[in-house]
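Here the structure is laid out as structure tokens; the discussion comes afterwards.
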Amino acid sequence: MERSCGGVEGPIECTTCKKCSLTCPAELDIPDIIRLYRYQESPKGSHRGLFLLTQKMMARSDPEPWLSTELDTEKDDVYYFPGCLPIFDDLLGWETNYKRAGNAGVALLNHVGISPKIIYGCCGHDLYYSGNLDHFNVLKARLKEKIQGKVVVGCAECYHALKNLHGLDVVHISELLGGRIDGPRVSWSKVTYHDPCRLGRYNGIYDAPRSLLGSVSVLNEMDNSKENSLCCGVSAWLNCNSASKDNRVNRLREAVATGADNLVTTCCKCRIHLDCVYHEEQYKGDPQKIPIVDFQEFIADSIGIKVPESATGFSNKGKRLQVLDLTDDLEGHLLSTSVDNLFNCTTCERCREECDFEFNPVEVVEDFRRTFVSEGWNPEPHGKIVERLKQTGNVFGDEEKVIRSSRATSHVYFPGCVAVSRRPSLMTDTITILDALGVDYEIPEGLVCCGSVLKRTGHDASFLMEQNRRAIAGRKVIASCAGCYATLAKNYGDIDVMHISQFLEDKLENLNLKSIAARVAYHDPCHLGRKMGAYDGPRYLLGKVPGIEILEFRDSREEAVCCGGGGGVKSGNRDLANSLGRKRMEEAVCLNVRAVVTSCPFCELNLEENGSIPVLDIVEIVAKSLKGEQL
């Protein structure tokens, strides 16, 4: 798979399909982060950058008219934007006729009495999402000058670009034609409909195309449709790879399984990328092949409208390209919401679980935050945390050190800042249990913050990491904080570390645990669960405590909702962190439990602050059982 220029695996693979936004607790605009990151990284794109190069040229020149002259146009104050369909016919070399969709769109408008003005050119969608923002701005200015009224489009990407990115008055042809199509149906067939991301998840247009299709055919839905529709797998000509191909094959198999005669879509790019599968050697002659048809063409053909052919392909007017100075001005391309959007990410990685391509936006977020920090665009509280850590080695600025010296120990107990300064019961209970088990361990002098908060917020944590390496001195580490555990395991690279819940899994039989009669709900911390894959261990540990009944939240394990306290959000946007914590705790109240149990002190702090029932660590439950205490 392709890599970004900056070394973060993934930003090219993101299709900006917005499926992850359905489950993002902070409701981030991840596509905005991706297009800015790509502006900085300048990825070249697939097909040796040919399609992006063509669209850069279109941004700096005017294309010749290409729709059929047999169509009735230019009489009404309505515009039609056919997009850049001919370039795909010309460049792909598949003997395709994608430009027929544009002719079909105007023919349908003529059928309902509209003679539209035609605006030729590229909408700029691919330029925007590939990060070619300077070229995009040139194109945007030209289109806003040309289009001085309502514009009709048949392509989902053009709809999104003209409406959401250019701010024009746009209507999709399926909305405009609703209830206006008449005439005898010359053919009835079974179809299935593929929801384009830009029409569906971006703009909520699901019913209008279906309504029109249902009036001329039998519509059979695929298993994944509407909000949950699978992405076609490619966007802005950047992420054509094996994962994308597998996804497209799955989508076509889904379409075949409906028994439909045709797969209809309202996005020329979805059609092209799905078509591409059948031009691969292994799929030629595939007995399960299903025709992929443009929505405009299908509606026109179904009611017998003649769709004339274009005589010419794509060409630009014969003049020199405009000179374009690339600005290298990231700040100039920020939206008013871009900084808050980037730093509102809790880094919970729920988005990764939703992505059909296993892309992890959090890797981009954390890397991109470093750029914003270097420009001074980060939240002010994060800078104060850095200063506290430089002065004291503690996130909260506490200078008191916890040290438990012992000679030649095999283990180091790493309590973490929260256990030391805000949840001391977690630290003392961990010590009680380790002592009861006779574990040979030390809390060495020199331990400081693991650096998680700095890594997540885009700051340098190397000064903390080097000091901790010296204090740990190659020994095995036991961590009672999920964030410390994940950071030591993934970001240090040379630390042998276990979370306390893992360390205790096979050792509880050695403790004289007494019954605690209580119903509890277990909350999966993001750093222990999605980051490190530890779901069963904590539940097993709780289940070994006599009398404990474990209930599950509606969203748990891989789909667990973030507590809201991670990624620097608790300090950078306290209102957002509290809101997310309240939502989780309100659900806990509905479960009618005595307490919420988790295995991350950050979760414990934010959940307890925003709820009405106690929040305890697993270690605290085990310690209470050991001491014969009730909740």
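The values are calculated or read from the model by the stated rules, or taken from the named source; none is laboratory data. The shown structure was predicted, so the numbers you read here are calculated from the model rather than taken from an experiment. Positions of Cβ are generated from backbone atoms using ideal geometry, with glycine treated the same way; all protein chains shown enter the neighbour counts.
Structural remarks
- Test: residue in segment 459-478 that is hydrophobic (A, V, I, L, M, F, W, C) and under 21 Å from L607 (Cα atoms): no
- Within the set S189, S244, S217, the sole residue that is farther than 25 Å from A300 by Cα and either assigned by TED's automatic domain parsing to the domain that holds L108 or within 20 Å of the chain's Cα centre (by Cα) (or both) turns out to be S244.
- Some residue of segment 90-105 being part of a loop (DSSP other than H, G, I, E, B), buried (at least 21 other Cβ atoms within 10 Å of the Cβ) and of a type in the set (K, R): yes
- Residue check, L199 under 22 Å from Q55 (Cα atoms) and either basic (K, R) or in the same structural domain as K289 (by TED's automatic domain parsing) (or both): yes
- Filter result for E445 (at pLDDT below 95 and under 15 Å from H411 (Cα atoms)): yes
- Tally, over segment 292-306, of residues that are part of a loop (DSSP other than H, G, I, E, B) and at pLDDT 95 or above: 0
- Subset tally (residues that are more than 19 Å from C345 (Cβ to Cβ), part of a helix (DSSP H, G or I) and charged (D, E, K, R)) for segment 370-400: 4
- Candidate set: segment 60-86, residues that are over 10 Å from N103 (Cα atoms) and among the acidic types (D, E); chosen: the one surrounded by the most Cβ atoms within 10 Å (Cβ to Cβ): D76
- One residue stands out in segment 123-178 among those that are over 23 Å from L108 (Cβ atoms) and of a type in the set (S, T, Y): the one that is surrounded by the fewest Cβ atoms within 10 Å (Cβ to Cβ), namely Y129.
- Any hit, segment 446-459, residues being among the hydroxyl-bearing types (S, T, Y) and surrounded by fewer than 22 Cβ atoms within 10 Å (Cβ to Cβ): no
- Leading residue by the ranking (surrounded by the fewest Cβ atoms within 10 Å (Cβ to Cβ)) among those in segment 247-291 that are of a type in the set (D, E), in a helix (DSSP H, G or I) and at pLDDT 85 or above: D275
- Flag if L230 is in a loop (DSSP other than H, G, I, E, B), under 26 Å from I34 (Cα atoms) and in contact with a Gly (Cβ under 6 Å, 6 or more places away or on another chain): no
The rows are residues; the columns are (1) surrounded by 24 or more Cβ atoms within 10 Å (Cβ to Cβ); (2) among the basic types (K, R); (3) within 31 Å of the chain's Cα centre (by Cα).
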| site | (1), (2), (3) |
| --- | --- |
| L576 | no, no, yes |
| S579 | no, no, yes |
| R582 | no, yes, yes |
| V596 | yes, no, yes |
| N606 | yes, no, yes |
| E609 | no, no, yes |
| S612 | no, no, no |
| V615 | yes, no, yes |
| G628 | no, no, no |
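- All of (1) under 28 Å from I385 (Cα atoms); (2) of a type outside the set (S, T, N, Q); (3) modelled with pLDDT of 95 or more hold for A521 with one exception: (1).
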